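Computed from the coordinates by the stated procedures, all read-outs in this text should not be read as laboratory data. Owing to the predicted nature of the structure, the values given are computational and were not obtained by experimental measurement. Here Cβ is always computed from backbone atoms with ideal geometry, including for glycine, and neighbour counts include all displayed protein chains.
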Amino acid sequence: MRKFSNTWIFATLAVFVVFFSVAAPGFFSSIGLRSVALFASEPLLLAVAETFVIISGGIDLSVGAVLGFTGVVGALVMRSVWTSSQSLGLSIAAATLVAVGIGTALGAVSGIIIAKLRVPPFVVTLGMLGICRGMTFVLTSGQAIIGLPETLGVIGNFTLLGFLPVTTLVAILIIGAASICLSRTPMGRYVYAMGGNRQAAVRAGVPVARYTISIYATSGFLAGWAGLMILARFATGSPLSGQNSELNAIAAAVIGGTSLSGGIGSIGGAIAGALIIVVLLVGLVIMNVQPYWQMAAVGGILILAVFFDNLRFGRSLGE
């Protein structure tokens with residue numbers, strides 16, 4: 001496995017921070033930095049989810065749609081339990097179990113189809129994206145789910161020490177566990193082996209089918225948690241949540257040094273890549289740049305990241 005330094009990635013992040021600190025008045029302030037931290041939890045979780053999948057040699061286009069679907073289902077469950085019991089703790093626990101469980105199950109279904117039926121990951125996860133988007137609008141009729149506990153929004157936007165949102169802290173803890181899994185467990189070694197040379201992994205006795213299912217289930221698990229983070233922040237279940245999040249997640253993973261050919265990448269790089277995306281988007285918002293240009297900027301950065309990915313690993317461009 002080729003070694004790859006993340007130094008330039010963190011240098012790029014520093015350049016972005018300096019640029020927006022100068023170009024966007026208010027960015028480098030307590031409010032601006034809090035906005036970055038508050039917005040970061042979902043992109044961080046989805047970037048890590050995408051990193052697992054891409055390192056293994058796959059792709060997951062459904063993470064944003066799974067985020068939106070699990071957030072809406074979690075909101076419906078929470079409203080039902082809250083209406084019947086008026087228990088905040090029970091409502092949050094029920095929504096968490098259902099949302100994360102459904103996210104994990106949806107990821108596992110994608111993994112089963114990919115591993116057992118040998119359908120390409122691009123096709124499977126694109127289909128799952130459509131299914132989840134459609135079911136989200138079926139459940140909501142295009143309307144936001146309201147009537148949730150008011151305290152939920154207070155919890156979702158509460159900050160520790162004045163700058164660290166609770167939702168981001170939860171995301172950090174989950175990402176820490178994911179990092180340990182990728183770097184210190186047999187599953188992590190198999191993820192790299194499968195992406196580096198799948199046939200060699202099969203010959204070496206790696207249960208590729210089982211771990212493919214586990215990898216996509218992990219992606220769905222993280223997307224489910226991301227859906228809960230948005231639900232907690234806005235205290236509503238929006239059918240629009242997660243749109244275009246898959247683009248940001250793939251961009252963050254690739255910017256962070258994860259090779260689209262598989263076998264190379266790291267959680268640290270994914271974190272840096274996600275923060276670059278977050279800083280870019282928050283900075284552009286503060287500069288009053290229209291949302292369409294924000295999407296274009298992320299797409300442009302993704303193309304550049306893939307271009308440099310090709311150069312780093314000596315692949316011929318245009319083939």
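Relative to the present Cα-Cα distance, how much length would full extension add between Thr159 and Ala177 at 0.36 nm per residue of separation?
Value of the extension gain: 4.3 nm.
Find the relative contact order for the range 179-248 and round it to a whole percent, using C-alpha pairs within less than 8 Å whose residues are 6+ positions apart.
Worked out over the range 179-248, it gives 16 percent.
For the chain, what are the DSSP H helices with axial Cα length of 20 Å or more and mean Kyte-Doolittle hydropathy of at least -1.0?
TM-like helix candidates: 7-23, 30-55, 63-85, 88-116, 121-140, 166-184, 208-234, 267-286, 291-312.
If you count, for each residue, the other Cβ atoms within 10 Å and average over each peptide, how do 223-229, 178-184, 131-137, 284-290 line up from highest to lowest?
Per-residue Cβ counts within 10 Å, averaged per peptide and sorted highest first, yield 223-229, 131-137, 178-184, 284-290.
Could you state the number of Å between the C-alpha centres of the range 91-122 and the range 208-251?
Distance between centres, Cα-based: 10 Å.
Length gain on complete extension for the stretch Ser30 to Val170, per 0.36 nm per residue less the alpha carbon to alpha carbon distance?
Extending this stretch completely gives an extra 48.3 nm.
Suppose each label sits 7 Å from its Cα in the direction of the beta carbon; what would the Glu150-Leu240 distance come out to in nanometres?
For Glu150 paired with Leu240, the spin-label model returns 2.5 nm.
Given a Förster distance of 30 angstrom, what is the FRET efficiency for Ala105 paired with Trp293, based on the Cβ-Cβ distance and rounded to 0.05?
It comes out at approximately 0.20.
Using the basic label-point model (7 angstrom from Cα toward the beta carbon), what is the Arg184 to Ala23 distance in nanometres?
That separation, rounded to one decimal, is 4.0 nm.
Bin width 5 Å, alpha-carbon pairs only: give the P(r) of the range 1-160 as whole percents, running from 0 to the bin holding the largest distance.
Answer for the range 1-160: a P(r) of 1, 8, 12, 15, 15, 14, 13, 12, 7, 2, 1, 0 percent.
Report the label-to-label distance for Gln143 and Ile112 in nanometres (one decimal), using points 7 Å from each Cα along the Cα→Cβ vector.
My value for the distance between the label points is 3.4 nm.
(1) 72, 45, 37; (2) 56, 49, 34; (3) 88, 41, 30: which one is Cα extents along the principal axes in Å as calculated from this entry?
Only one option fits the structure, namely (2).
Treat every Asp and Glu Cβ in the range 7-309 as -1 and every Lys and Arg Cβ as +1, leave all other atoms uncharged, and give the resulting dipole magnitude about the Cα centre to the nearest 20 debye.
600
What residues have an amide H closer than 5 Å to that of Ser56, excluding those fewer than 5 places away on the same chain, when H is modeled at 1.01 Å from N in the peptide plane?
It is Gly263, by chain and number.
Just report the Cα centroid separation between the range 155-178 and the range 257-313, whole Å.
When both Cα centres are located, 22 Å separates them.
Which of the trypsin sites (Lys or Arg not before Pro) found in the range 224-315 are loop residues per DSSP with 16 or fewer other Cβ atoms within 10 Å of their Cβ?
Counting only loop positions with at most 16 other Cβ atoms within 10 Å, the trypsin sites (Lys or Arg not before Pro) in the range 224-315 are Arg315.
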